[in-house]
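The values are calculated or read from the model by the stated rules, or taken from the named source; none is laboratory data. Please read these numbers as outputs of a predicted model, since none were measured by experiment. So basically every Cβ, Gly included, is an ideal-geometry build from the backbone, and we count neighbours across all protein chains shown.
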Amino acid sequence: MNTPETNELIYVYAFVPADEASKEKLSQLKGIDPQHDIDFYITEGLAAVICKVSADDFSEDNFKRNVEDMKWLQERAYHHHELMNRLHQAFTVLPLKFGTIYEHNGRLSEVMKTYNGQMKVILEEVKGKEEWNLKVFADRDVFSKSVLENNQTIEEKKREISNLSKGKQFFARKKLDQFINDEIQAHIKRKTETIHEELKKLSKNAEVKKNWDQKITGREDDMAWNCVYLLETGDDVDSFKKILRTYQEKSDKENEGLRFESTGPWPAYHFANFKSKSAKVKS
């Protein structure tokens with residue numbers, strides 16, 4: 001356990017191959033605790049990217065309390081995110097979640113030994129690769145006009161409804177509205193899945209994520225697709241961007257109301273997970 005004399009814990013950002021662990025590349029980067037620089041802890045052919053932190057902020061109880069303070073959380077989460085991007089530019093990285101903390105080097109060393117093989121396999125899998133995220137947004141009003149224009153099935157249903165009695169028309173229109181909504185959803189699904197299949201051919205791996213609702217995005221259009229792709233740095237990334245530009249130009253020309261928004265490059269957050277069952281603060 002840490003003592004009042006030391007009162008220090010170890011914050012771990014990521015693991016990198018030991019043969020890449022050049023301290024010159026860290027260039028005295030400040031840690032999440034600005035009183036300490038970023039450093040390496042090397043063992044078993046791996047290097048943990050670490051920073052010493054105070055238990056006053058990062059012990060399990062204090063950390064749980066501090067993350068309720070949005071200013072404290074935002075500053076440190078932003079630092080973690082930005083440093084991870086810096087590491088990704090210089091090293092092959094197995095990134096860890098914000099707030100991964102160990103009490104001492106012995107416990108960190110034990111984890112690096114226990115999961116050594118798994119971590120080395122993951123590092124080899126993500127070497128020379130980067131993660132990209134694609135979100136597709138749909139303006140339903142605009143997209144529905146594109147779908148419904150000259151839709152013979154819907155026009156036929158409307159004609160059938162016009163020949164019904166007024167009482168039956170009410171329920172028939174309700175059914176038609178549901179049919180139209182289903183038709184729009186089906187068109188959006190086919191469109192996004194077609195794009196996904198094309199992008200998968202470029203990707204070493206892909207993971208479909210849950211769409212966010214408007215409360216999270218703060219947007220008026222709907223998120224229709226959310227996926228992360230693991231791409232080889234270089235030509236595959238260029239091809240990925242080119243495909244999305246082509247689809248965006250086509251959508252704009254046909255006034256579909258779709259927006260294709262990609263972000264990256266990121267470390268392979270979704271493709272570099274190793275299964276540690278340790279607690280938040282590892283003793």
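Annotations
- In the set (1) under 30 Å from LEU231 (Cα atoms); (2) loosely packed, with under 11 Cβ neighbours inside 10 Å, the condition left unmet by ARG159 is number (1).
- Of the residues making up region 210-242, those that are part of a loop (DSSP other than H, G, I, E, B) and under 21 Å from PHE143 (Cβ atoms) are LYS210, ASN211, TRP212, ASP213, GLY218, ARG219, GLU220, ASP221.
- Complete set of residues in region 60-78 that are under 26 Å from MET119 (Cα atoms), touching a residue at least 24 places away in the same chain (Cβ under 8 Å) and out of contact with any Phe, Trp or Tyr (no Cβ under 9 Å at 6 or more places or on another chain): GLU60
- Meets criteria (over 26 Å from LYS127 (Cβ atoms) and in contact with a Cys (Cβ under 6 Å, 6 or more places away or on another chain)) for HIS36: yes
- Pairs with Cβ under 8 Å, 6+ apart, first in region 81-110 and under 15 Å from ALA21 (Cβ atoms), second among the basic types (Lys, Arg) and assigned to a helix (DSSP H, G or I): ALA90/LYS25; PHE91/LYS25
- Out of ASN151, ASN116, sole residue that is more than 30 Å from LYS174 (Cβ to Cβ) and among the polar types (S, T, N, Q): ASN116
- Looking across region 192-207, the residues that are among the β-branched types (Val, Ile, Thr) and surrounded by 12 or more Cβ atoms within 10 Å (Cβ to Cβ) come down to THR192, ILE195.
- Region 243-261, residues that are outside any helix (DSSP H, G or I) and buried (at least 17 other Cβ atoms within 10 Å of the Cβ): GLU256, GLY257, LEU258, ARG259, PHE260
- Within region 232-246, being among the hydroxyl-bearing types (Ser, Thr, Tyr) and at pLDDT 95 or above holds for SER239, THR246.
- Residue within region 65-76 that is within 26 Å of LYS25 (Cβ to Cβ), of a type outside the set (Val, Ile, Thr), loosely packed, with under 15 Cβ neighbours inside 10 Å and not assigned by TED's automatic domain parsing to the domain that holds VAL228 present: yes
- Among the residues of region 9-48, the one identified as under 21 Å from ALA77 (Cβ atoms), more than 26 Å from the chain's Cα centre (by Cα) and aliphatic (A, V, I, L, M) is LEU9.
- Scanning region 262-275 for residues that are within 17 Å of ASN226 (Cβ to Cβ) and not in a loop (DSSP other than H, G, I, E, B) gives SER262, THR263, GLY264, TRP266.
- Against the list (1) surrounded by 14 or more Cβ atoms within 10 Å (Cβ to Cβ); (2) in a helix (DSSP H, G or I); (3) touching a helix residue (DSSP H, G or I) at 6+ places or on another chain (Cβ under 8 Å), the condition VAL136 fails is (2).
- Residue among LYS210, LYS189 that is farther than 24 Å from VAL147 by Cα, surrounded by fewer than 18 Cβ atoms within 10 Å (Cβ to Cβ) and out of contact with any helix residue (DSSP H, G or I) (no Cβ under 8 Å at 6 or more places or on another chain): LYS210
- Test: residue in region 44-52 that is surrounded by 14 or more Cβ atoms within 10 Å (Cβ to Cβ), assigned by TED's automatic domain parsing to the domain that holds SER27, among the charged types (D, E, K, R) and assigned to a loop (DSSP other than H, G, I, E, B): yes
- Any chance LYS113 is among the charged types (D, E, K, R), free of Cβ contacts under 8 Å to residues at least 24 places away in the same chain and in the same structural domain as ASP37 (by TED's automatic domain parsing): no
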